[in-house]
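To start, the structure itself, in structure tokens.
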Amino acid sequence: ALGDVQVYPDAGTVAFSAGLHGWAFTLNRFARMYAKKFGVEPAKMTSRLWG
């Protein structure tokens with residue numbers, strides 16, 4: 001049995017990427033970057049991005 005096979009971007013189980021261009025990030029990583037830029041908590045930014 002596989003168990004829970006759903007993905008949860010806000011839990012870091014999904015990566016967004018472009019192999020052709022050589023970049024990838026998780027929602028949490030993106031949220032941390034933008035939270036720092038805008039001066040908010042990373043958890044709040046994650047919620048806003050994936051809400």
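Every read-out reported here was derived from the displayed coordinates using simple, explicitly stated rules and does not represent laboratory data. None of these values were measured; they are calculated from a predicted model. Ideal geometry is used to build each Cβ from the backbone, glycine not excepted, and the neighbour counts take in all protein chains shown.
Quick notes
- Virtual spin-label span in nm between Ala15 and Glu41, 7 Å along Cα→Cβ: 2.9
- The chain - percent relative contact order, Cα under 8 Å, separation 6 or more: 28
- Net charge dipole, region 9-50: roughly 160 debye, given to the nearest 20, about the Cα centre with Cβ charges of +1 for Lys and Arg and -1 for Asp and Glu.
- Per residue, the Cα convex hull of region 9-50 amounts to 60 Å³.
- Ranking Ala18, Phe30, Gln6 by Cα position along the charge dipole of the chain, where only Lys, Arg, Asp and Glu carry charges on their C-beta atoms, puts Phe30 farthest toward the positive end.
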